[in-house]
Amino acid sequence: MKNSLQEKPIAVDGSRGSDGKPSVLETRFAKAQSGLTPRRQRLVRAILDAADETCFLSSRELAKRYSVDATTILRATQVLGYQSYADFAADLRHHFVSRLTPYSALKAATREKRSVTDHIDHALEKALDNLNTLNSELDRQRIIDAAKLIKRSRRVLVIGLDFATALANYLAYGLLGLGFDAEAPAGGTGTLQHKVKILTSKDLLVVISFGQCLRDTVEAVQQAKKMGVSTFGITDSDTTPIARYCDSHIVASVVSPSFLNSYVAPTAAINAIHVACSHVDPKRALNRLRPTDREYASGSRWYREPKGSNGNL
């Protein structure tokens, strides 16, 4: 169903995130309002108000939704200060995510006339989109630089909380397998604070958080920087607190139509870090992995069918 741009007052402050602050896109809209015609003001406001749906659309799809041409969409985003629609779309996604709760995400999804199978397909399509975006936009040199930094570091502390705990564990465990002293600590705020406090300038802090970013994770970065500890982040936008405070970071989209983030792209990014770590010094990696070769062939860790068994219970 096409949406018309009805005549109604334009609010420039907009909704605010849970941190009480307007999004980057809201701030740009407020500053650029005088340069937008009333119709384009209503267009931008309509896009923001329906961010749960519009943040997934291309410029052509957005134009079709609001019965305007694609040029109108592009000109409106340029007045907001964006050089490309992709930059506008990234901030629109951040605007949506910063106001997103699991409940609101699921509620929005239930309004769509989709079967369960359709919802599954939609989630898989978005996960694939995230992966394709990572493949096309990932700065490979940042991955290589991160691998070199990991190699130079005495210890690597990886912090990822809530659902990002799985990502932190995956990164740390892979680095352990390559012989690096890496840890993804479990525990609450106190544990994390104590772990960060014992880091030195010879160590590296890697943090993983998305959207608004969790307070404990951001504060860990801020504390580490005051201590002269190198920091590296994995996040979903160049505008998140993780991106702003870390010395370096990579972006991996977690956009999902579900009530949970999609971690397909961050997992692939972490895999890329593991690959880079193994190849910046392949001799070291091979020496570390050589003792495990026999274990994989005949070690007791692996389940093996008893002799003479056909695999039936």
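Quick check for you: with a 1.4 Å probe and neighbouring chains kept, what is the accessible area per residue of segment 78-203, in Å²? Walk me through the numbers on the way to the answer.
Details: 7110 Å² over 126 residues.
With the other protein chains kept in place, segment 78-203 gives 56 Å² per residue.
At 1.306 mPa s and 10 °C, plugging the Kirkwood radius over alpha-carbon pairs of segment 235-313 into Stokes-Einstein gives what diffusion coefficient in µm²/s? Walk me through the intermediate numbers first.
Numbers: Rh = 16.9 Å.
Roughly 94 µm²/s, to the nearest whole number.
Output the direction-averaged projected area (hull surface divided by four) of the convex hull of the alpha-carbon atoms of segment 91-147, in nm². Numbers along the way, then the final one.
Values: hull surface 22.6 nm².
Taking the Cα atoms of segment 91-147, their convex hull projects to 5.7 nm² on average.
Using modelled amide H (1.01 Å from N, peptide plane; none on Pro or chain starts), what sits under 5 Å from the amide H of V158, excluding residues fewer than 5 places away?
E183, A184, V206
So what's the projected area for segment 72-116, the Cα convex hull averaged over all directions, in nm²? If you can, show how the numbers build up before the last one.
Numbers: hull surface 18.0 nm².
Over all viewing directions, segment 72-116 projects a mean Cα-hull area of 4.5 nm².
Pop out the Kirkwood hydrodynamic radius of segment 121-243 from its pairwise C-alpha distances, inverse of mean 1/r, in Å to one decimal.
On the way: mean 1/r = 0.0661 Å⁻¹.
The Cα-based Kirkwood calculation yields 15.1 Å.
Could you give the length gained on full extension between T189 and H279, defined as 0.36 nm per residue of separation minus the Cα-Cα distance, in nm?
Working: separation 90, 0.36 × 90 = 32.40 nm, distance 3.51 nm.
Here the segment from T189 to H279 would lengthen by 28.9 nm.
To the nearest 10 degrees, how steep is helix 85-98 against the longest Cα principal axis of the chain, on a 0 to 90 scale?
Helix 85-98 sits at roughly 80 degrees to that axis.
Using Cα pairs closer than 8 Å and at least 6 residues apart in sequence, work out the relative contact order for the chain, in percent.
Values: 428 pairs, mean separation 49.6, N = 313.
16 percent.
Take the Cβ-Cβ distance between D293 and N169 as r, set R0 to 35 Å, and report the resulting FRET efficiency rounded to the nearest 0.05. Don't skip to the answer; put the middle values down first.
Working: r = 24 Å, r/R0 = 0.70.
With R0 = 35 Å, the Cβ-Cβ based efficiency is 0.90.
At 1.4 Å probe size, with every protein chain present, just tell me what the per residue accessible area of segment 216-276 comes to in Å². Walk me through the numbers before you get to the answer.
Values: 2160 Å² over 61 residues.
Heavy-atom SASA per residue in segment 216-276 reads 35 Å².
Please give, to one decimal in nm, the separation of the simple spin-label points placed at K226 and S67, each 7 Å out from Cα toward the Cβ.
Label at K226, label at S67, 5.6 nm between them.
Kindly state, to the nearest 0.05, the FRET efficiency for D247 paired with K307, given R0 = 45 Å and r defined as their beta-carbon distance.
Efficiency computed from Cβ-Cβ geometry: 0.20.
Between the DSSP loop rule and a limit of at most 13 other Cβ atoms within 10 Å, which GluC sites (Glu not before Pro) in segment 101-180 are left?
Numbers: sites: E112, E125, E137; in loops: E112.
Sites meeting the loop and neighbour criteria: E112.
Could you check how much of the accessible area of the chain is carbon and sulfur, as a whole percent, using a 1.4 Å probe? Walk me through the numbers on the way to the answer.
On the way: 9310 of 17570 Å².
After summing per-atom areas, the C and S share lands at 53 percent.
Once every Cα of the chain carries one equal point scatterer and solvent is ignored, give the base-10 log of I(q)/I(0) from the Debye formula at q = 0.16 Å⁻¹, two decimals.
Once normalised to I(0) and log-transformed, intensities are -1.30.
In degrees from 0 to 90, rounded to the nearest 10, what is the angle of the helix 282-298 Cα long axis to the longest principal axis of the chain?
70
Which value, in nm² and rounded to one decimal, describes the direction-averaged projected area of the C-alpha convex hull of segment 28-182?
Details: hull surface 49.7 nm².
The directionally averaged projection comes out at 12.4 nm².
Take each of the peptides 113-120, 181-188, 261-268, average the number of other beta-carbon atoms within 10 Å over its residues, and list them starting from the highest. Walk me through the numbers on the way to the answer.
Details: 113-120: 10.0, 181-188: 15.1, 261-268: 21.6.
For the peptides 113-120, 181-188, 261-268, the packing ranking is 261-268, 181-188, 113-120.
Over 19 Å between C-alpha atoms is what I'm after, so list which of K202/K283; K195/K225; K148/K195; K197/K225; K148/K283; K151/K197 land there.
On the way: K202/K283 23 Å; K195/K225 14 Å; K148/K195 23 Å; K197/K225 11 Å; K148/K283 14 Å; K151/K197 21 Å.
Pairs exceeding 19 Å: K202/K283; K148/K195; K151/K197.
Plugging the Kirkwood radius over Cα pairs into Stokes-Einstein for segment 172-313, at a temperature of 10 °C and a viscosity of 1.306 mPa s, what D comes out in µm²/s? Each step should come with its number before you reach the end.
On the way: Rh = 17.8 Å.
My calculation gives 89 µm²/s for D.
I'd like the Karplus ³J(HN,Hα) series for segment 126-137: coefficients 6.51, -1.76, 1.60, θ = phi - 60°, whole numbers in Hz, and an x wherever there's a Gly or Pro.
Karplus values, whole Hz, x for Gly and Pro: 5, 4, 5, 4, 4, 5, 5, 5, 4, 4, 7, 10.
The values are calculated or read from the model by the stated rules, or taken from the named source; none is laboratory data. Since we're looking at a predicted model, the values are computed, not measured. Cβ sites come from the backbone with ideal geometry, for glycine too, and all protein chains shown count toward neighbours. Ligands, DNA and RNA are stripped out before the accessible areas are found, and what is left, the full protein with its side chains, is counted by its heavy atoms. Shrake-Rupley method; radii C 1.70, N 1.55, O 1.52, S 1.80 Å.
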